[in-house]
Amino acid sequence: MLTLLFCPLFIRPLTLASLVQDTKATVQDSVDAVAYDPLVQKASISFSDVDFSYPASETRNIINGMSFEIEEGKTVAFVGTSGCGKSTILRLLYRFYDPAGGAVKIGGKDVKDMTGSSVRASIAVVPQDTVLFNDTIGYNIGYGDLDCTFEDVQEAAKKAKIHDAIMTFQDGYDTVVGERGLKLSGGEKQRVAIARAILKKAPILFCDEPTSSLDSGTEADIMSNLKEVGKNTTTVIIAHR
């Protein structure tokens, strides 16, 4: 016989912000870590003999002895099949993980010697799947810089080539995009991500397979946008073709 036991449940209301604040980062700053300063340090990127494997699969190295250097202001593409470690480059650069061996550097300085927040502030990301909130398209673009003005949002939208489309929406920039942006097309979502990257004004731009789910025509348009955005930044493009 199955007996169901009911007990009172006391749950403290949690907001997403408090959950994030209460979460401890896996990678901690060193005691003497300094902030990356883009006004003083270059935005060059280098990997020196880097080895890495994810914690759950320590016997299988994802990266073995990788070395490369990207000069400030240059654009470099990494092309390879799914699972070969392309996106891992971003995770190491963003300092979500530390390498098992070797060094990851920005401006000639090991990211381990810099604060994680300053490193992440220096990198704008255009992801494969853009995360959108069930809020207005103006808010979703402005998320790239929470201190931006409405004029900044409009300017970024124009540079990302989405302003004209927004102006055809009944509520313009106040149009609610729906859960995960279901009211927007794939190309429009990616342009929101590009506009966010523009607003961030970061010296490094990382594009992680930004067109993999788009048709060839939209892909060509998005790549043209990215080329324009990346003119004055150090740009890394990840692609599987």
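The values are calculated or read from the model by the stated rules, or taken from the named source; none is laboratory data. All figures in this text were calculated on a predicted structure; none of them were measured in a lab. Quick reminder, even Gly has a Cβ in these numbers, built from the backbone with ideal geometry, and neighbours come from all protein chains shown.
Scanning the range 169-195 for residues that are aliphatic (A, V, I, L, M) and without any contact (Cβ under 8 Å) to a residue 60 or more places away in the chain turns up Val176, Val177, Leu182, Leu184, Ala195.
In this entry, Phe206 is excluded by the filter for residues that are outside any helix (DSSP H, G or I), in contact with a helix residue (DSSP H, G or I) (Cβ under 7 Å, 6 or more places away or on another chain), more than 25 Å from Lys74 (Cα to Cα) and of a type in the set (Phe, Trp, Tyr). Applying the criterion of being in a helix (DSSP H, G or I) and of a type in the set (Lys, Arg) to the residues of the range 86-132, the residue that is nearest to Ala193 (Cα to Cα) is Arg120.
Residues in the range 173-184 that are under 18 Å from Pro210 (Cα atoms) and modelled with pLDDT under 90 were compared, and the one that is surrounded by the fewest Cβ atoms within 10 Å (Cβ to Cβ) is Leu182.
Any idea which residue in the range 68-86 is nearest to Pro203 (Cα to Cα), counting only those that are under 17 Å from the mean Cα position of the chain (by Cα) and loosely packed, with under 15 Cβ neighbours inside 10 Å? Filtering the range 68-86 for residues that are under 17 Å from the mean Cα position of the chain (by Cα) and loosely packed, with under 15 Cβ neighbours inside 10 Å, the one nearest to Pro203 (Cα to Cα) comes out as Val76.
The requirement of being on the phi > 0 side of the Ramachandran plot and part of a loop (DSSP other than H, G, I, E, B) is satisfied by Gly73.
For Ile137, the criteria (1) of a type in the set (A, V, I, L, M); (2) in contact with a helix residue (DSSP H, G or I) (Cβ under 7 Å, 6 or more places away or on another chain); (3) within 29 Å of Lys42 (Cα to Cα) hold in every case but one, which is (3). For the criterion of being in a helix (DSSP H, G or I), over 21 Å from Ile222 (Cβ atoms) and out of contact with any Phe, Trp or Tyr (no Cβ under 9 Å at 6 or more places or on another chain), Glu188 fails. For the range 153-172, taking the residues that are of a type in the set (Val, Ile, Thr) and surrounded by 16 or more Cβ atoms within 10 Å (Cβ to Cβ), the one that is farthest from the chain's Cα centre (by Cα) is identified as Ile166. Exactly one residue out of Ala25, Ala56, Ala17 is surrounded by 10 or more Cβ atoms within 10 Å (Cβ to Cβ) and either at negative phi or modelled with pLDDT under 75 (or both), and it is Ala25. If only residues of the range 115-152 that are over 30 Å from Ser30 (Cα atoms) and of a type in the set (D, E, K, R) are counted, the one that is surrounded by the fewest Cβ atoms within 10 Å (Cβ to Cβ) is Glu151. When each of Thr234, Thr175 is tested for being within 22 Å of Lys42 (Cα to Cα), β-branched (Val, Ile, Thr) and more than 14 Å from the chain's Cα centre (by Cα), the lone residue that passes is Thr234. Against the test of being touching a residue at least 12 places away in the same chain (Cβ under 8 Å) and in a helix (DSSP H, G or I), the options Ile237, Ile198 yield a single qualifying residue, Ile198.
Taking the range 87-103 as the search range and keeping residues that are over 19 Å from Asp29 (Cα atoms) and of a type in the set (Ser, Thr, Tyr), which one is surrounded by the fewest Cβ atoms within 10 Å (Cβ to Cβ)? Result: Ser87. A search for C-beta distances below 6 Å between a residue of the range 103-122 that is closer than 17 Å to Ala202 by Cα and any residue that is of a type in the set (Phe, Trp, Tyr), counting only pairs 6+ apart in sequence or on different chains, returns Met114/Tyr36; Ser118/Tyr36; Val119/Tyr36; Arg120/Tyr94; Ser122/Tyr36. For the range 50-67, enumerate the residues that are over 18 Å from Arg95 (Cβ atoms) and either in a strand (DSSP E or B) or under 22 Å from the mean Cα position of the chain (by Cα) (or both). Within the range 50-67, Asn64, Gly65, Ser67 qualify.
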